[in-house]
Amino acid sequence: MAGHSLDGGDAPGNRAWGTISRDSFDNTEKSKELVYRHLAWLTALRYQLRETRVWESTRKAQNAEYLRYYSIPEMQTALETELAKFLPDAELMQILATRSKATQIMGLQSKAIRGLFSSQVIGVTQFVDMQRSIRDFLLLQGRCERIKDFPYPRQFASINSFFIKLFCLLLPFGLLREFDSLNQSVEGVIKGNMVWLVIPFSVLISWMYTSLGRVGESTESPFEGSANDVPISQMCRTAEIDLREMLGETDVPPPLEPKNNIVL
């Protein structure tokens, strides 16, 4: 996901983890455990990024009407249900009791790798590679959290909104003289009436500026669940399919399908 990424929109990071987990040792169950715990981390993180913040605009009046044209997967299924697919009951209960679930899942992952190293199931090279991957995943998680929790400075957004409204209010008065002067170059019934064109042109120009303002507002929060969001749900589903197929599984979920050409 480029700049706004869940690890793994960076698919190579997911695939690398799947390959390391599968090939670092000859234990199918342990490989599956590591891969599934990684999928649980992706799941917890995408749910965390979909949480509502007071400054987000998806549920404002001008945007709420569009929610019926698409669905937000994280709003359709409970986090507990999704995590239960990847974590054993003991770990699931432990994670659900914590505040930062994605971080705690990575903590469990690190602890599990340390256990494998201590019992000499993996060597020092594999241990270092896996710990480096966990560090990278946590760095990417932190970047996503900063985008989510620290949007563009609100004072800028507030002043920008005020200036746009002021501009739209004063615009017709600025166009009056220009359109009135057009009467000298026209003939017929419209001569003397050109000033009335101020109304549609003012509306059109004002609409352009207010639309640009709203586009800027929505792009401040690329995970909130709007139609223009970074499609983290689709990316995580793709990662799940790839990793489970690496394990040799065939009963994998289908890719998410667009609804009205929108996929999250």
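The values are calculated or read from the model by the stated rules, or taken from the named source; none is laboratory data. On a predicted model such as this, the values are computed, not experimentally measured, just so you know. Neighbour counts are summed over all protein chains in view; Cβ atoms, including those assigned to glycine, are modelled from backbone coordinates with ideal geometry. Accessible surface areas use protein heavy atoms only, side chains included; no ligands, DNA or RNA. Shrake-Rupley method; radii C 1.70, N 1.55, O 1.52, S 1.80 Å.
Descriptive notes on the structure:
- Scan of region 56-85 for residues that are of a type in the set (Gly, Ala, Ser) and touching a residue at least 24 places away in the same chain (Cβ under 8 Å), ordered by number: Ser57, Ser71
- Cβ-Cβ distances below 8 Å connect the following pairs, each with a first residue in region 245-264 that is under 21 Å from Tyr69 (Cα atoms), a second residue that is of a type in the set (Asp, Glu) and open to solvent by 90 Å² or more (accessible area, probe 1.4 Å), and a separation of six or more residues or different chains: Val263/Glu257.
- For Met194: the one exception among (1) over 30 Å from Lys32 (Cα atoms); (2) within 30 Å of the chain's Cα centre (by Cα); (3) open to solvent by less than 50 Å² (accessible area, probe 1.4 Å): (2)
- Val186 being surrounded by fewer than 16 Cβ atoms within 10 Å (Cβ to Cβ), touching a helix residue (DSSP H, G or I) at 6+ places or on another chain (Cβ under 8 Å), of a type in the set (A, V, I, L, M) and within 30 Å of Arg15 (Cβ to Cβ): no
- If you filter region 148-174 down to residues that are closer than 30 Å to Thr43 by Cβ and open to solvent by less than 40 Å² (accessible area, probe 1.4 Å), you find that the one that is farthest from the chain's Cα centre (by Cα) is Pro151.
- In region 225-263, the qualifying residues are those that are of a type outside the set (S, T, N, Q), in contact with a helix residue (DSSP H, G or I) (Cβ under 8 Å, 6 or more places away or on another chain) and within 14 Å of Asn63 (Cβ to Cβ), and the one that is least open to solvent (accessible area, probe 1.4 Å) is Gly225.
- Some residue of region 187-202 being small (Gly, Ala, Ser), touching a residue at least 12 places away in the same chain (Cβ under 8 Å) and on the phi < 0 side of the Ramachandran plot: yes
- Condition broken by Ser221, with the remaining ones in (1) at pLDDT 85 or above; (2) assigned to a loop (DSSP other than H, G, I, E, B); (3) surrounded by 17 or more Cβ atoms within 10 Å (Cβ to Cβ) satisfied: (1)
- Arg177 among the charged types (D, E, K, R), touching a residue at least 60 places away in the same chain (Cβ under 8 Å) and open to solvent by 50 Å² or more (accessible area, probe 1.4 Å): no
- Sub-8 Å Cβ pairs linking a first residue in region 97-120 that is without any contact (Cβ under 8 Å) to a residue 40 or more places away in the chain to a second residue that is assigned to a helix (DSSP H, G or I) and aromatic (Phe, Trp, Tyr), at least 6 apart or interchain, are Arg114/Phe127; Phe117/Phe127, ordered by first then second residue.
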